[in-house]
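K.L.:
Can you keep this structure in mind? I'll have questions shortly.
The values are calculated or read from the model by the stated rules, or taken from the named source; none is laboratory data. Only a predicted model underlies this, so the values are computations on that prediction, with no experimental measurement involved. Cβ sites come from the backbone with ideal geometry, for glycine too, and all protein chains shown count toward neighbours.
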Amino acid sequence: MGAQNGKDMLIKVDLTGVGQFQTLAGLRATRVSFNAETVDVTSLESSGGWRELLGGAGVRSASLSGSGVFRDDTTDERARQIFFDGETPDFQVIIPDFGTIEGPFQVTSIEYAGSHNGEATYELSMASAGQLTFTAL
């Protein structure tokens with residue numbers, strides 16, 4: 001995978017619950033992180049005293065974050081609604097020349113900021129709330 005434009009990495013939200021995804025408006029920076037807990041099964045019989053891990057075990061999770069400018073668009077309103085209602089709708093993350101991750105996420109934080117001589121900005125963080133799928137490009 002060669003160099004890619006950062007603006008091509010998109011976070012999309014299902015606006016209606018029927019697979020109608022729309023890019024979150026105003027985002028300038030996005031980030032996705034995947035995590036997997038390990039399950040240590042090391043014992044006195046472990047070869048050479050090396051730690052052993054149980055493959056395929058442990059909890060997997062993903063987190064999304066983004067920051068951008070407040071636009072009061074339909075997607076901004078939806079993100080606020082998701083947070084205040086405690087919903088876990090489907091999101092899509094488009095990673096250029098890699099693939100698409102899709103599944104339920106919970107909005108865990110929204111922060112708004114602004115200065116007297118600048119635009120209003122926001123930061124959004126989300127945590128996976130169920131099984132995610134990956135579709136390679």
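K.L.:
For segment 98-122, give me each residue that is more than 28 Å from L132 (Cβ to Cβ) and either in contact with an Asp or Glu (Cβ under 6 Å, 6 or more places away or on another chain) or hydrophobic (A, V, I, L, M, F, W, C) (or both).
P.N.:
A113, A120 - these are the residues of segment 98-122 that are more than 28 Å from L132 (Cβ to Cβ) and either in contact with an Asp or Glu (Cβ under 6 Å, 6 or more places away or on another chain) or hydrophobic (A, V, I, L, M, F, W, C) (or both).
K.L.:
Looking at the structure I just gave you, is T75 within 20 Å of G6 (Cβ to Cβ) and part of a helix (DSSP H, G or I)?
P.N.:
Yes.
K.L.:
Considering only strands (runs of 3 or more DSSP E) fully contained in segment 1-71, which possess at least 2 residues that are of a type in the set (D, E, K, R)?
P.N.:
Filter on segment 1-71 gives 10-14, 27-36.
K.L.:
Check whether at least one residue in segment 74-97 is of a type outside the set (A, V, I, L, M), on the phi > 0 side of the Ramachandran plot and in contact with an Asp or Glu (Cβ under 6 Å, 6 or more places away or on another chain), and report yes or no.
P.N.:
The answer is no; no qualifying residue exists.
K.L.:
Name every residue in segment 14-34 that is within 22 Å of G103 (Cβ to Cβ), of a type outside the set (A, V, I, L, M, F, W, C) and exposed (fewer than 12 other Cβ atoms within 10 Å of the Cβ), in order of residue number.
P.N.:
T16, G17, G19, Q20, S33
K.L.:
Would you confirm, using the coordinates I've provided, whether Y122 is modelled with pLDDT under 95, more than 17 Å from T23 (Cα to Cα) and not charged (D, E, K, R)?
P.N.:
No: the conditions fail for Y122.
K.L.:
Of the conditions (1) closer than 23 Å to Q131 by Cα; (2) out of contact with any strand residue (DSSP E or B) (no Cβ under 7 Å at 6 or more places or on another chain); (3) β-branched (V, I, T), I11 fails just one. Which one is it?
P.N.:
(2) is the only condition that I11 fails.
K.L.:
From F98, F105, F70, F91, which residue is touching a Ser or Thr at 6+ places or on another chain (Cβ under 7 Å) and within 18 Å of K7 (Cα to Cα)?
P.N.:
Sole residue among the options that is touching a Ser or Thr at 6+ places or on another chain (Cβ under 7 Å) and within 18 Å of K7 (Cα to Cα): F70.
K.L.:
Condition (residue is closer than 13 Å to L24 by Cβ, β-branched (V, I, T) and surrounded by 12 or more Cβ atoms within 10 Å (Cβ to Cβ)) applied to segment 121-137: is it met by at least one residue?
P.N.:
no
Residue-by-condition table, conditions (1) within 20 Å of D8 (Cα to Cα); (2) modelled with pLDDT under 90; (3) in contact with a Pro (Cβ under 8 Å, 6 or more places away or on another chain):
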{"site": "S67", "(1), (2), (3)": "yes, no, no"}
{"site": "Q81", "(1), (2), (3)": "no, no, no"}
{"site": "D90", "(1), (2), (3)": "yes, no, yes"}
{"site": "G103", "(1), (2), (3)": "yes, no, no"}
{"site": "T108", "(1), (2), (3)": "no, no, no"}
